[in-house]
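One structure, as C-alpha cells, below. Some questions next.
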Amino acid sequence: MNITFIGGGNMACALIGGLLQQDYSPAQIRVAEINAETRERVRREFGVETVAELARSMIDDREIIVLAVKPQQLSIVARGLAPLLKQNLVISIAAGIRTEALSQWFGGRARVVRAMPNTPALVGSGVTGLYAMAGVNDEEKREAEAILRAVGTVLWVESEELLDAVTATSGSGPAYVFYFIEAMQKAGQELGLDADQARQLSIETFLGAARLASESMDEASVLRARVTSPGGTTERAIRSLENDDVKNGIIRAIRVAYQRSREMGDELGRT
C-alpha cells in the first residue's frame, strides 16, 4: 500500500521510520509539508518523496492518507484535501478531532480512522488507541493497524468516546511517568546521590518494573504487595503515599484530563 502523510512533524517521522524498518520501501511513502526546511529534512533523513502540496493526479484509489498536522490546522487541511480524494482511507492522528467533524470537513466521507498514539512512539515503544467509522471495512482496519504498529502496540475501541479515556490514560500518561521520575530523582539527590546516579536508578527502576508488570500474569496490586514486606522500608513508603492520598490524586488527575479531552473535542469540532 502507498501512504501519504500530510505533515512532516515528529509523529509522522516516527511512523515513517518505523515503516521503513518493517521493510516498507521509501517509494511507497510521500510527505506533503508546506515548510521547506522540514520538507528537506524529511527527504534527506528517509529518502521519501516530499511535496509542498498535493494534486488530484498524485493520489490513486488505494492511497492511504495520514493526517499528521496540528488539530488547529486540520479543518483547513481537510477541506483542502476533500476534492483530491476518491475512496481513500483517511487516518487522523490529530488529538481531539472527532470523526463526525472530520467527515463533515471531507464532505461526508465515512472511511476515517482516528488514532491516538503517545510520545513513546518516537522510540518505537508507543501504544495507540484506534477507532474506525462504520464505513471502514476489515481490510482497511488491518491497514490502519499495520501503520500504527510500526511504532508500538495498538488497541481498538468500539466507541469513539473511549478515545477520550485513551487520551487521558496513555496519551497524557507519559507525562505522569516523567513527573514521578522527576520526584524520585529529586529525592535521590536530596539523600546524597549525584544527578547521574539518581537519574539512572529512577529510570531503570521504571523500565524494569514496567517490564515485570508486562511479562507477569499478576495484577499490579499483587506485584506491589510482593515488594512490600511487613514492617519494611517499602511498607513505610506506601503508607506515606496512602496518607497523602496519592493514588486518588492520580485518579482525579486522569479524570480531569478525560474531561478536558471531551471539551477539546467540542471546541475543535466547531472550527
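For Met1, work out the one condition from (1) within 24 Å of Glu139 (Cβ to Cβ); (2) within 19 Å of the chain's Cα centre (by Cα); (3) touching a residue at least 60 places away in the same chain (Cβ under 8 Å) it doesn't fulfil.
All conditions are met except number (2).
For the stretch 58-106, name all the residues that are over 22 Å from Asn137 (Cα atoms), open to solvent by 40 Å² or more (accessible area, probe 1.4 Å) and assigned to a loop (DSSP other than H, G, I, E, B).
Lys70
Can you name the condition, by its number, that Val177 falls short on among (1) in a helix (DSSP H, G or I); (2) farther than 24 Å from Ala210 by Cα?
Unmet condition: (2).
Shifting gears a bit: Condition first: of a type outside the set (Phe, Trp, Tyr), in a loop (DSSP other than H, G, I, E, B) and closer than 22 Å to Ser125 by Cβ. Now tell me which residues in the stretch 8-28 satisfy that.
Selection gives Gly8, Gly9, Gln22, Asp23.
While we're on this one: Can Arg239 be described as surrounded by 14 or more Cβ atoms within 10 Å (Cβ to Cβ), free of Cβ contacts under 8 Å to residues at least 24 places away in the same chain and either in a helix (DSSP H, G or I) or under 20 Å from the mean Cα position of the chain (by Cα) (or both)?
Judged against the criteria, Arg239 is not a match.
Within the stretch 170-220, track down each residue that is open to solvent by 70 Å² or more (accessible area, probe 1.4 Å), of a type in the set (S, T, N, Q) and over 20 Å from the mean Cα position of the chain (by Cα).
Within the stretch 170-220, Gln189, Gln197, Gln200, Thr205 qualify.
Leu155: within 30 Å of Ser103 (Cβ to Cβ) and in contact with a Leu (Cβ under 8 Å, 6 or more places away or on another chain), yes or no?
So Leu155 passes the test.
Would a scan of the stretch 29-41 turn up a residue that is among the small types (Gly, Ala, Ser) and not in a helix (DSSP H, G or I)?
Yes, the conditions are met somewhere in the stretch 29-41.
Give me the residue from the stretch 43-55 that is free of Cβ contacts under 8 Å to residues at least 40 places away in the same chain and under 13 Å from Ala32 (Cβ atoms) and, out of that set, most open to solvent (accessible area, probe 1.4 Å).
Among those residues, the one meeting the criterion is Glu53.
Looking at the structure I just gave you, is Arg114 under 19 Å from Ala78 (Cβ atoms), touching a residue at least 60 places away in the same chain (Cβ under 8 Å) and surrounded by 18 or more Cβ atoms within 10 Å (Cβ to Cβ)?
no
The values are calculated or read from the model by the stated rules, or taken from the named source; none is laboratory data. Remember, it's a predicted structure, so these values are computed and weren't measured experimentally. A quick note on method: Cβ atoms are made from the backbone with ideal geometry, for glycine too, and the neighbour counts reach across all protein chains shown. When the accessible area is computed, the model is the full protein with side chains, heavy atoms only, and any ligands, DNA or RNA have been set aside. Shrake-Rupley method; radii C 1.70, N 1.55, O 1.52, S 1.80 Å.
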